[in-house]
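Read the structure below first, then the notes.
Computed from the coordinates by the stated procedures, all read-outs in this text should not be read as laboratory data. Quick caveat, the model's predicted, so the values are computed rather than measured. When we count neighbours, we look across all protein chains shown, and the Cβ atoms used for this are built from the backbone with ideal geometry, even at glycine.
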């Protein structure tokens, strides 16, 4: 089994800004979503989402992956394929 390609995915995530307190509308409209930078093996990419995994079986004997994320395409800012080392 070959290694899946490595990618960097930059995506937007929610940002809990209330800090359990009341906020003014003026303060709220200054807030922005979090920008997340994830690296991993590209398991699947389709029109709706990508699946990346941070870990895999090091001997390439099993089709097992860990610390995986399914990221909807609508929140992805960039997908960049990384070079092999």
For segment 11-40, enumerate the residues that are surrounded by 10 or more Cβ atoms within 10 Å (Cβ to Cβ), under 20 Å from residue 67 (Cα atoms), out of contact with any strand residue (DSSP E or B) (no Cβ under 6 Å at 6 or more places or on another chain) and free of Cβ contacts under 8 Å to residues at least 60 places away in the same chain. 35
Taking only segment 54-66 into account, find how many residues are in contact with a strand residue (DSSP E or B) (Cβ under 6 Å, 6 or more places away or on another chain) and touching a residue at least 24 places away in the same chain (Cβ under 8 Å). 2
Restrict the check to segment 57-73 and report whether at least one residue is surrounded by 12 or more Cβ atoms within 10 Å (Cβ to Cβ) and over 21 Å from residue 10 (Cα atoms). yes
